[in-house]
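Remarks on the structure that follows.
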Amino acid sequence: MSPPSTSPALGQPPASGWTADIDRLAPPREARGWLTESGLLTERVRSLCGGTFGLRIVDERLDLLSPEDAAALEVADLSAFVREVELTCDDRPQVFAQTLVPSATLAAQPWLAQLGDTALGPRLASLGGALRDPLEYSLLSPGESLCERALHGSGLDRNGLWARRARYRLGPHCLVVQEVFLPEALA
């Protein structure tokens with residue numbers, strides 16, 4: 001882990017904003033299915049993968065939240081642990097996931113920084129007490145920080161990426177998971 005820094009990774013919110021009203025965004029059918037998936041995305045990617053499923057760590061670091069991310073987390077302290085992973089099929093990225101863990105949550109739940117190549121979703125589901133707030137959706141535009149983090153120089157299509165996010169509550173603490181659906185998943 002590197003020391004806290006300000007980074008474009010957590011910069012600007014999506015230009016279209018986040019909304020709980022998926023119909024406002026009118027995603028195409030193939031994107032809607034991914035966006036509204038009620039089960040674990042890890043399991044969906046695994047079940048649809050005709051080859052080898054994988055989870056690749058893209059980055060883990062201490063960072064500063066943007067004011068918008070802090071508002072989504074309902075925290076005043078901007079210090080956070082950030083974990084970025086890709087769910088892959090035959091080493092081809094399908095979903096990019098960014099987890100934002102405020103420092104108070106990390107202090108109460110240090111295992112969140114020790115997941116390694118273990119998927120977060122199944123771990124949260126096994127806790128029993130983790131509560132997920134309603135999903136929010138966005139169409140990320142090229143140039144937005146989350147879109148750029150998801151593409152991280154891959155040269156993938158830059159026509160915009162569909163994303164969803166949810167706040168998870170672990171007792172008095174919370175974290176946010178933002179999942180970006182890459183073109184390979186929507187093909």
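Considering only residues that are in contact (Cβ under 8 Å) with a residue 12 or more places away in the chain and either more than 18 Å from LEU186 (Cβ to Cβ) or of a type in the set (Val, Ile, Thr) (or both), which ones fall in the stretch 22-42?
Passing the criteria: ILE22, THR36, LEU40, THR42.
What about ALA125, is it more than 15 Å from the chain's Cα centre (by Cα) and closer than 21 Å to VAL45 by Cβ?
Here the answer is yes, as ALA125 does meet what is asked.
Under 9 Å between Cβ atoms, which residue pairs at least 6 apart in sequence (or on different chains) link something in the stretch 94-123 that is touching a residue at least 24 places away in the same chain (Cβ under 8 Å) and of a type in the set (Phe, Trp, Tyr) with a partner that is surrounded by fewer than 20 Cβ atoms within 10 Å (Cβ to Cβ) and in a loop (DSSP other than H, G, I, E, B)?
Cβ pairs passing all conditions: PHE96/HIS152.
Kindly provide the set of residues from the stretch 90-114 that are in contact with a Phe, Trp or Tyr (Cβ under 7 Å, 6 or more places away or on another chain) and either β-branched (Val, Ile, Thr) or modelled with pLDDT under 95 (or both), ordered by number.
The answer is VAL95, VAL101.
Which fully enclosed helices (runs of 4 or more DSSP H) of the stretch 110-187 have 3 or more residues being of a type in the set (A, V, I, L, M)?
Result: 120-127, 145-151.
Looking at the structure I just gave you, is GLU144 buried (at least 20 other Cβ atoms within 10 Å of the Cβ) and at pLDDT 95 or above?
no
When only residues in the stretch 93-121 that are crowded, with 20+ Cβ neighbours inside 10 Å and either in contact with a His (Cβ under 6 Å, 6 or more places away or on another chain) or among the aromatic types (Phe, Trp, Tyr) (or both) count, which is nearest to LEU175 (Cα to Cα)?
So, considering only residues that are crowded, with 20+ Cβ neighbours inside 10 Å and either in contact with a His (Cβ under 6 Å, 6 or more places away or on another chain) or among the aromatic types (Phe, Trp, Tyr) (or both), the one nearest to LEU175 (Cα to Cα) is THR105.
Across the stretch 62-86, what is the total count of residues that are closer than 18 Å to GLU179 by Cα, part of a strand (DSSP E or B) and either of a type in the set (D, E, K, R) or over 15 Å from the mean Cα position of the chain (by Cα) (or both)?
Here the count works out to 3.
Taking GLY39 and the conditions (1) more than 26 Å from ALA104 (Cα to Cα); (2) over 17 Å from the mean Cα position of the chain (by Cα); (3) part of a loop (DSSP other than H, G, I, E, B), which numbered condition does it fall short on, given that it satisfies the others?
(2)
Would you mind finding the one in ARG165, ARG149, ARG132 that is surrounded by fewer than 20 Cβ atoms within 10 Å (Cβ to Cβ) and either of a type outside the set (Asp, Glu) or over 20 Å from ILE57 (Cα atoms) (or both)?
The conditions single out ARG132.
Go through the residues of the stretch 48-61 one by one and say whether even a single one is in contact with a strand residue (DSSP E or B) (Cβ under 6 Å, 6 or more places away or on another chain), acidic (Asp, Glu), under 20 Å from LEU140 (Cβ atoms) and surrounded by 19 or more Cβ atoms within 10 Å (Cβ to Cβ).
Looking through the stretch 48-61, none of the residues is in contact with a strand residue (DSSP E or B) (Cβ under 6 Å, 6 or more places away or on another chain), acidic (Asp, Glu), under 20 Å from LEU140 (Cβ atoms) and surrounded by 19 or more Cβ atoms within 10 Å (Cβ to Cβ).
The values are calculated or read from the model by the stated rules, or taken from the named source; none is laboratory data. These figures come from a predicted structure and were not determined experimentally. Cβ: placed from backbone, ideal geometry, glycine included. Neighbour counts: every protein chain shown.
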